[in-house]
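What follows is calculated from the coordinates using simple rules that are stated; it is not laboratory data. Just so we're clear, the structure is a prediction, and the values are computed from it rather than from any experiment. Counting neighbours? That spans all protein chains shown, and the Cβs are built from the backbone with ideal geometry, glycine included.
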Amino acid sequence: METTVVDVPERGRFEIRVGDRVVGLASYHVEGGTMALPHTEVDPGMGGRGLGKALVSGVLDAARERGLTVLPYCSFVRHYIQQHPETLDLVADDDKPHFGLATADR
């Protein structure tokens, strides 16, 4: 089955879908040039398939394409950024210490 990440701005979230079924979401809010990411979740019955990582990757790709910085309030998003240093530039330098990311790129 095909997995897709879809922006649903009227609901303030990205969804990850397997076929037509929504199996996870990442809520967001954009203000100015910043996308706040407070929460992600994946259906527990779909766990262990990398869907959370695919969802966060899609969200961060969208933020990059739109020229936005991100505020990774969600611990899963923060962990993803720590594990994928190529995404660290999406967090503004001034915000990195707030999220424990100040030394992640060193």
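Along the positive direction of the dipole of the chain (beta-carbon charges: Lys, Arg +1; Asp, Glu -1; about the Cα centre), which of 83, 32, 44 reaches farthest?
44
Against the longest principal axis of the chain, how steep is helix 51-65, in degrees 0 to 90 to the nearest 10, with axes from Cα atoms?
Relative to the chain, helix 51-65 is tipped by roughly 50 degrees.
Express the relative contact order of the chain as a whole percentage, based on alpha carbon pairs under 8 Å and six or more residues apart in sequence.
19 percent
Could you give me the ³J(HN,Hα) list for region 23-36, computed from phi with Karplus coefficients 6.51, -1.76, 1.60 and θ = phi - 60°, whole Hz, x at Gly and Pro?
Each residue of region 23-36 in turn: 10, x, 8, 10, 6, 8, 9, 10, 9, x, x, 10, 10, 7 Hz.
Taking amide H atoms as placed 1.01 Å from N in the peptide plane, list the residues 5 or more away in sequence, or in a different chain, whose amide H sits under 5 Å from that of residue 35.
Residues meeting the amide H criterion: 69, 70, 71.
Given the rule -39500 (n - 2.57) for each run of at least 4 DSSP H residues, summed and divided by the residues of the chain, what is its mean residue ellipticity at 222 nm, to the nearest 500 deg cm²/dmol?
Details: 2 runs with 24 residues, N = 106.
About -7000 deg cm²/dmol.
Return the label of the correct value of volume of the Cα convex hull per residue in Å³, as calculated from the structure shown, out of (1) 99; (2) 168; (3) 211.
Among (1) 99; (2) 168; (3) 211, the one derived from this structure is (1).
How about region 6-106: which chymotrypsin sites (Phe, Trp or Tyr not before Pro) there lie in a loop by DSSP and see at most 16 other Cβ atoms within 10 Å?
Working: sites: 14, 28, 73, 76, 80, 99; in loops: 73.
Passing sites in region 6-106 are 73.
Amide H neighbours of residue 43 under 5 Å, counting only residues 5+ apart in sequence or on other chains, H built in-plane at 1.01 Å?
Counting only residues 5 or more places away or on other chains, the set is 24.
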